[in-house]
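To start, the structure itself, in structure tokens.
The values are calculated or read from the model by the stated rules, or taken from the named source; none is laboratory data. Please read these numbers as outputs of a predicted model, since none were measured by experiment. With ideal geometry, Cβ positions are generated from the backbone for all residues, glycine too; neighbour counts draw on all protein chains shown.
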Amino acid sequence: MRKITLNIGDMVVCREPAVLETVLGSCVSVCLWDESLKAGGMNHFLVPYVMSGLKNPAYSGQESIKRLIEGFIRTGANPSYIKAKVFGGGKVIKGIDEDLDVGAENVKTAKEMLKKYGIPIVKELACLKFAIKIVFYTATGRVFVKKTKGCRR
């Protein structure tokens, strides 16, 4: 089975069994799965919206999720069978303005985009005070989560 590690701005859609993994602090990953196709996809984004000076538009949740859903549909997935799981959005960096919560904004954007496309969220683990590693098995739709060491608030 192929193993793929995602970094910020990455997006992967697989119809064949694969293991997709990433580490998230304030970043968010959306995992999509179509049980009828046994297909899965995942992204990893840094900020909620496209901002001036952003190196790659896929670093933003709006663009990343749009590309993930469009890529998923191009594989033959039926939008009415797609389910989503949302992870990350933690507040893990000390010393940042307490009023600024990029992680929470990332999660909010993910929820808004999925709602816009009519995709239900069946699992969410977000806005934690520590970083996590997620491992997504595209053949089953299962996601395993592990708390990471060192990135705590």
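Data for the structure
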{"read-out": "The range 13-45, residues that are surrounded by fewer than 22 Cβ atoms within 10 Å (Cβ to Cβ), under 19 Å from Val107 (Cα atoms), modelled with pLDDT of 95 or more and not charged (D, E, K, R)", "value": "Val23"}
{"read-out": "Every pair of residues 6+ apart whose Cβ atoms lie under 7 Å, when the first sits in the range 129-153 and is at positive phi and exposed (fewer than 15 other Cβ atoms within 10 Å of the Cβ) while the second is modelled with pLDDT of 95 or more and assigned to a strand (DSSP E or B)", "value": "none"}
{"read-out": "Qualifying residue in the range 127-140 (condition: at pLDDT 95 or above, more than 22 Å from Met51 (Cα to Cα) and touching a helix residue (DSSP H, G or I) at 6+ places or on another chain (Cβ under 6 Å))", "value": "no"}
{"read-out": "Yes/no for Ile65 being in contact with a helix residue (DSSP H, G or I) (Cβ under 7 Å, 6 or more places away or on another chain) and surrounded by fewer than 23 Cβ atoms within 10 Å (Cβ to Cβ)", "value": "no"}
